[in-house]
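The values are calculated or read from the model by the stated rules, or taken from the named source; none is laboratory data. Predicted model, so just to flag it, every value in this text is computed and none were measured. Every residue, glycine as well, gets a Cβ built from its backbone with ideal geometry; the counts of neighbours run over all protein chains shown.
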Amino acid sequence: MTATVFDVRNVSFAYDNQLIALEHVNLTVHEGESLVILGANGSGKSTLLKLLDGLYFPTAGEINAFDEPLTETRLRDDDFNFAFRRRVGLVFQDADVQLFCASVGDEVAFAPLQLGLGHDEVRRRVDQALVALRIEKLRDRAPHRLSGGEKRRVALASLLSLNPEVWLLDEPTIGLDPRSQSWLVDFIRHLREQNRTVITATHDLAFAQKFATGIHVFDENHCLAASGLPEEILADHDLLHRCNLSHYHAAVKEAHHH
């Protein structure tokens with residue numbers, strides 16, 4: 001049986017205990033899956049990823065990660081926090097939030113340095129990540145001077161140098177042209193081939209149908225409306241309409257046509 005990565009049990013979350021972002025969410029993530037969290041803007045997708053990354057904690061309900069409770073108290077334990085951060089990584093929707101070092105090379109080196117790795121191993125990881133993301137020529141550039149697509153690649157390279165088991169990607173196609181989106185699909189498929197677990201939050205149906213092994217759909221009431229295989233979910237026009245996703249359906253049909 002495939003190991004359980006996350007077990008989300010009846011989770012609700014409200015910002016400042018007032019603004020509801022998620023309500024009574026139940027879902028399970030297994031090792032090696034490539035799941036898509038699908039929903040319109042404001043449905044709670046990004047909030048769920050931040051809960052899974054231990055940046056927020058449920059207002060109600062509970063989350064287990066690798067069969068252990070993922071709580072604020074547990075993450076105060078240095079050993080648990082270190083082990084968890086080594087296994088799970090998040091690429092934010094806004095790459096500018098994530099990039100803070102003086103150069104791309106320093107940015108990609110930051111995570112392995114926090115692991116206490118030796119200089120040679122850090123350099124090896126940085127070199128490999130830059131080549132894999134095709135940004136080796138940007139090594140000495142300042143991240144804030146890059147284009148949106150380049151920043152996205154640097155953020156992914158920073159996570160690749162950490163080499164986590166679980167990748168959380170929040171709206172990864174934002175700021176990417178069609179060629180870069182196609183490259184990103186190939187990148188996610190490559191992660192799957194390495195048995196990495198990938199959870200992607202998006203409202204882009206055409207993007208989702210290219211790599212998802214399963215889809216969870218959120219409605220505008222911040223509830224989990226449906227879960228299933230991509231071919232089932234993306235063919236359910238009533239569901240997509242109900243969740244304010246029907247206006248993306250033409251793109252899905254076009255993608256299937258090609």
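Can you say whether Arg124 is farther than 18 Å from Cys101 by Cα and either surrounded by fewer than 23 Cβ atoms within 10 Å (Cβ to Cβ) or in contact with an Asp or Glu (Cβ under 6 Å, 6 or more places away or on another chain) (or both), as far as the supplied structure shows? Explain how you work it out, then say what you get.
Working: farther than 18 Å from Cys101 by Cα: yes; either surrounded by fewer than 23 Cβ atoms within 10 Å (Cβ to Cβ) or in contact with an Asp or Glu (Cβ under 6 Å, 6 or more places away or on another chain) (or both): yes.
In short, yes.
Which residue is nearest to Asp219 (Cα to Cα), if the candidates are limited to the range 24-70 and must be touching a strand residue (DSSP E or B) at 6+ places or on another chain (Cβ under 8 Å) and among the polar types (S, T, N, Q)?
Only one residue fits best here, namely Ser43.
Show me the helices (runs of 4 or more DSSP H) entirely contained within the range 58-168 in which 1 or more residues are under 22 Å from Arg9 (Cβ atoms), touching a helix residue (DSSP H, G or I) at 6+ places or on another chain (Cβ under 8 Å) and modelled with pLDDT of 90 or more. Before you say what the answer is, go through the steps one by one.
Details: elements: 72-75, 78-87, 95-98, 104-114, 119-132, 148-162.
Correct list: 72-75, 78-87.
Could you check the range 12-37 and list, in sequence order, the residues that are out of contact with any helix residue (DSSP H, G or I) (no Cβ under 6 Å at 6 or more places or on another chain), part of a strand (DSSP E or B) and under 28 Å from Glu193 (Cα atoms)?
Across the range 12-37, the qualifying residues are Asn26, Leu27, Thr28, Val29, His30, Leu35.
Does Arg139 meet the test of being surrounded by fewer than 20 Cβ atoms within 10 Å (Cβ to Cβ) and either on the phi > 0 side of the Ramachandran plot or touching a residue at least 60 places away in the same chain (Cβ under 8 Å) (or both)?
Answer is no for this residue.
Provide a single number: the residues in the range 80-127 that are among the polar types (S, T, N, Q) and in contact with a Leu (Cβ under 8 Å, 6 or more places away or on another chain).
Keep residues of the range 80-127 that are among the polar types (S, T, N, Q), which gives 81, 93, 98, 103, 114.
Still in the list and also in contact with a Leu (Cβ under 8 Å, 6 or more places away or on another chain): 81.
Final tally of qualifying residues: 1.
Are any residues in the range 139-161 more than 17 Å from the chain's Cα centre (by Cα) and not basic (Lys, Arg), and if so, which ones?
Asp140, Ala142, Pro143, His144, Leu146, Ser147, Gly148, Glu150
Might you check whether a residue that is part of a loop (DSSP other than H, G, I, E, B) and either in contact with a Leu (Cβ under 8 Å, 6 or more places away or on another chain) or of a type in the set (A, V, I, L, M, F, W, C) (or both) occurs anywhere in the range 186-204?
Looking through the range 186-204, at least one residue is part of a loop (DSSP other than H, G, I, E, B) and either in contact with a Leu (Cβ under 8 Å, 6 or more places away or on another chain) or of a type in the set (A, V, I, L, M, F, W, C) (or both).
I'm trying to understand the selection: among the residues of the range 162-185, which are over 16 Å from the mean Cα position of the chain (by Cα) and either exposed (fewer than 15 other Cβ atoms within 10 Å of the Cβ) or under 12 Å from Val108 (Cα atoms) (or both)?
Within the range 162-185, Asp177, Pro178, Arg179, Ser182 meet the criteria.
Can you pull out the residues in the range 32-60 that are hydrophobic (A, V, I, L, M, F, W, C), in contact with an Asp or Glu (Cβ under 7 Å, 6 or more places away or on another chain) and within 18 Å of Thr173 (Cα to Cα)? Even if it seems obvious, please write down each step before you answer.
Filtering the range 32-60 down to residues hydrophobic (A, V, I, L, M, F, W, C) leaves 35-38, 40, 48-49, 51-52, 55, 57, 60.
Next cut, in contact with an Asp or Glu (Cβ under 7 Å, 6 or more places away or on another chain) only: 40, 49, 57.
Scanning the range 32-60 gives Ala40, Leu49.
Suppose we filter the range 142-159 for residues that are surrounded by 23 or more Cβ atoms within 10 Å (Cβ to Cβ) and without any contact (Cβ under 8 Å) to a residue 40 or more places away in the chain; how many remain?
Residues flagged as surrounded by 23 or more Cβ atoms within 10 Å (Cβ to Cβ) and without any contact (Cβ under 8 Å) to a residue 40 or more places away in the chain within the range 142-159 amount to 1.
For every residue, the table says whether it meets (1) over 22 Å from Leu191 (Cβ atoms); (2) free of Cβ contacts under 8 Å to residues at least 40 places away in the same chain; (3) surrounded by fewer than 16 Cβ atoms within 10 Å (Cβ to Cβ).
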{"site": "Phe6", "(1), (2), (3)": "no, no, no"}
{"site": "Ala14", "(1), (2), (3)": "yes, no, no"}
{"site": "Asn17", "(1), (2), (3)": "yes, no, yes"}
{"site": "Leu27", "(1), (2), (3)": "no, no, no"}
{"site": "Gly32", "(1), (2), (3)": "no, no, no"}
{"site": "Leu35", "(1), (2), (3)": "no, no, no"}
{"site": "Gly42", "(1), (2), (3)": "yes, no, yes"}
